[in-house]
1. Criterion first (crowded, with 21+ Cβ neighbours inside 10 Å, outside any loop (DSSP other than H, G, I, E, B) and under 14 Å from the mean Cα position of the chain (by Cα)) does Met193 satisfy it?
2. Out of curiosity, is Thr162 modelled with pLDDT of 95 or more and open to solvent by less than 20 Å² (accessible area, probe 1.4 Å)?
3. Looking at the range 93-122 only, could you name the residues that are part of a strand (DSSP E or B) and either among the aromatic types (Phe, Trp, Tyr) or over 17 Å from Asp57 (Cα atoms) (or both)?
4. For the range 167-190, which residues satisfy the criterion of being within 12 Å of the ligand (Cβ to nearest atom) and of a type in the set (Val, Ile, Thr)?
Amino acid sequence: MIRLDKIYNIDCLKGLKKLKEKSIDLIITSPPFNLGNTHHTGFKKHKSYDDKMPEYDYQKWQAKVLDECFRVLKNNGSMMYQHKNRISKGIQISPYEWILKTKFIVKQEIVWINRSQNFDKIRFYPFTERVYWLTKDPKTKLINKINKQDVFDYKEWKPVGTKGQHTRAFPEKMVEDFLKVFPKAKLILDPFMGSGTVAKVSKQMNRNYIGFEKEKSFVKLANKRLL
Ligand SMILES: C[S@@+](CC[C@H](N)C(=O)[O-])C[C@H]1O[C@@H](n2cnc3c(N)ncnc32)[C@H](O)[C@@H]1O
């Protein structure tokens, strides 16, 4: 039995299996990107969590997670899946490689200018990531009362409350914007909760949340942010 407003220290597939089908209104998440245990922000190389599996296995795993998310999502629900185009062995890999193998419909692709670029002079500097708005039904709508465009730019954002302990946290403002355009979404799920950004903003905006995170230290960090 899964309780509301709790972050479980559990593998996301195990956690998802515990959820009833069609029980979640909105999923907001950012999985590991399979980039090894380092990534760049500007000129800085960060060490982060262990994150490297054969690319084929990674894509199969992500498709499986998306299919489980599809199962637990209500028919009029939405998923905001944050990912990016990665370069591996000189070749760009788009998240569409596996998103299009799932049951989800792609409603919209959002470009997020997050400046987590590296300055390798053999290509144009990567400057953006993506958020894919995925649904079960082509008729699903969001209510854009905040007049937002499909290019997000949170210029001055810094992770709040994580003190650099989770280098891949996304902006609280981005989660806030998603909750504003889905005012009726009551139960929010993040299967890769990390430092708890989705939980923190959901709580602030009087929504219920459920989170899964496999690293105990991140669950601890997230719970601290929720105090
Ligand atoms: C990109 S981060 C999420 C960051 C989050 N959005 C935030 O704002 O802090 C991905 C997270 O997924 C976690 N993770 C990786 N594999 C997992 C799995 N199988 N089940 C649950 N969590 C997992 C990692 O430990 C990491 O904290």
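The values are calculated or read from the model by the stated rules, or taken from the named source; none is laboratory data. Being a predicted model, the structure only gives us computed values, none of them experimental. Every residue, glycine among them, receives a Cβ derived from its backbone with ideal geometry; neighbour counts consider all protein chains shown. With ligands, DNA and RNA removed, areas are computed over all heavy atoms of the protein, side chains included. Shrake-Rupley method; radii C 1.70, N 1.55, O 1.52, S 1.80 Å.
1. Numbers: crowded, with 21+ Cβ neighbours inside 10 Å: yes; outside any loop (DSSP other than H, G, I, E, B): no; under 14 Å from the mean Cα position of the chain (by Cα): yes.
In short, no.
2. Values: modelled with pLDDT of 95 or more: no; open to solvent by less than 20 Å² (accessible area, probe 1.4 Å): yes.
No, not satisfied.
3. Residues of the range 93-122 part of a strand (DSSP E or B): 93, 105-113.
Correct list: Ile105, Val106, Lys107, Gln108, Glu109, Ile110, Val111, Trp112, Ile113.
4. Thr167, Val175
One line per residue, one yes/no per condition, for (1) under 20 Å from Val65 (Cβ atoms); (2) open to solvent by less than 70 Å² (accessible area, probe 1.4 Å):
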{"site": "Ser94", "(1), (2)": "yes, yes"}
{"site": "Ile122", "(1), (2)": "no, no"}
{"site": "Pro126", "(1), (2)": "no, yes"}
{"site": "Glu129", "(1), (2)": "yes, yes"}
{"site": "Tyr132", "(1), (2)": "yes, yes"}
{"site": "Lys139", "(1), (2)": "no, no"}
